[in-house]
Amino acid sequence: MQSGVRHFGLDVAPNGMSSARIAFSDREFRLISDRIKKLCGIHLPESKRMLVYSRLCRRLKALDLTSFTDYLELLDGKGADKELHFAINALTTNLTRFFREPHHFDHLRSLVIPNIFTRANKGREIRFWSAGCSSGEEPYSIAMTVVDAVPSLREFDFKVIATDIDTDMLAQSVKGEYHMREHDSIPEPMRSRSTVSISSEADRFAVDARIRDLVSFEKQNLIDDWSFEGPIDVIFCRNVMIYFEPDIQKSIVERMSDLLPEGGFLYIGHSENLSRITESVSLVGSTVYTKKA
Ligand SMILES: C[S@@+](CC[C@H](N)C(=O)[O-])C[C@H]1O[C@@H](n2cnc3c(N)ncnc32)[C@H](O)[C@@H]1O
């Protein structure tokens, strides 16, 4: 075997038939991971090599390419934008579920929502942001919680802005339809009030239009300039920054903190920690931060 070239296990063509292996050299892996990091901040260490290989291999086969070097040339040539979208969509990790890390929703309901909606003048814009929303379960869980907790919601100008870099995920989010196996993750009475079954497909349900209307989805790369301004009262940025290196995490959190009003909240994922990253926010609960005065 050529030095620096590794061959991974049998890969499978899109038609399900096994096919010839495609070599993946250290250099090709490094060039692809550098490219992805520059574009969207995602750090792909050596331990992610097999994941990169398996996710992109199918694409190479579909494009009739026989080497990663040819693929890298495609990423630099004509039509590169379309292919870069594809590579980003293929390499993001989109795991999510309704009411994931439920203690955040308990905190939101009992401590944050009453405070914000009591202080706000009726008619004032109240904006929450789900940054890295994946297929939409997180922003819909936020909207369900607010609808359930604020009977007078119609008197406020409330919206959840939900953003992600992955256009496939955003398309799924906008549709708002999910497999029935996700239904039980939504606690009652929100499950009955905020979802409807889809008559044509027994194994799927949809998020009710009343909830969907409260959420607006848009493509947003967290490492680029953001298309909206503050104040944003509450930000959920959970299980996203874990893929970024500390300098990028720091810059994102400090920009988020600039958007928060005094007393605004930032929720992060259970395995993330900002204490050594920045002093712009202070820890007030389990993976819950508030903007420092
Ligand atoms: C693991 S999911 C987390 C979903 C949800 N926040 C949760 O905790 O359940 C991470 C999401 O971050 C998105 N993401 C990764 N890099 C991003 C970037 N640079 N800008 C915006 N979104 C990004 C991915 O596309 C993915 O959908």
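For Trp226, Trp129, the sequence from fewest to most other C-beta atoms within 10 Å is Trp226, Trp129. Here are some pairs, Lys78/Lys175; Lys37/Lys61; Lys37/Lys250; which of them have Cα atoms lying more than 26 Å apart in this structure? Pairs exceeding 26 Å: Lys78/Lys175.
Which of His183, His107 comes first, and how do the rest follow, when ranked by fewest Cβ neighbours within 10 Å? Don't skip to the answer; put the middle values down first.
On the way: His183 15, His107 19.
Fewest to most other Cβ atoms nearby, the residues stand as His183, His107.
Computed 3J(HN,Hα) for segment 142-158, one whole-Hz value per residue from the Karplus formula 6.51 cos²θ - 1.76 cosθ + 1.60 where θ = phi - 60°, is 5, 4, 4, 5, 5, 4, 5, 8, 10, x, 8, 3, 4, 7, 10, 9, 10, glycine and proline marked x. Shape analysis of the chain yields a ratio of the Cα radius of gyration to the Kirkwood radius, Rg/Rh, of 1.02. Placing a label point 7 Å from the Cα of Glu125 along the Cα-to-Cβ direction, the residues of segment 138-180 whose backbone N falls under 17 Å from that point are 156-163.
Compactness of segment 94-150 is given as radius of gyration and Dmax, 12.0, 37 Å, from Cα positions. Straight-line cross-link reach from Lys38 at under 12 Å between alpha-carbon atoms covers these aspartates and glutamates, not counting any fewer than eight positions away in the same chain: Asp224, Glu245. Close amide-amide hydrogen proximity is noted between Phe217 and Ala162, each under 5 Å apart and 5 or more residues distant or on a separate chain (H modeled in the peptide plane; Pro and chain starts excluded).
Counting each pair of different Cα atoms once, what's the Kirkwood radius of segment 54-157 in Å, rounded to one decimal?
Every distinct Cα pair counted, the radius reaches 17.2 Å.
Comparing Ser282, Ala131, Pro151 along the charge dipole axis of segment 102-291, the residue lying farthest to the positive side is Pro151, per the Cβ-charge model. Considering only Ile113, Ile142, Gly176, the residue lying farthest towards the positive end of the dipole of segment 102-291 is Ile113, judged by Cα position with unit charges set on Cβ. Annotation for segment 158-190 versus segment 80-151: alpha-carbon center distance of 9 Å. Look at Glu73, Glu101 and count the other Cβ atoms within 10 Å of each Cβ; fewest to most, that gives Glu73, Glu101.
Values in this text are rule-based calculations from the coordinates and carry no lab data. Remember, predicted model here, so these are calculated numbers, not experimental data. Please note: Cβ atoms are built from the backbone with ideal geometry, for glycine as well, and neighbour counts cover all protein chains shown.
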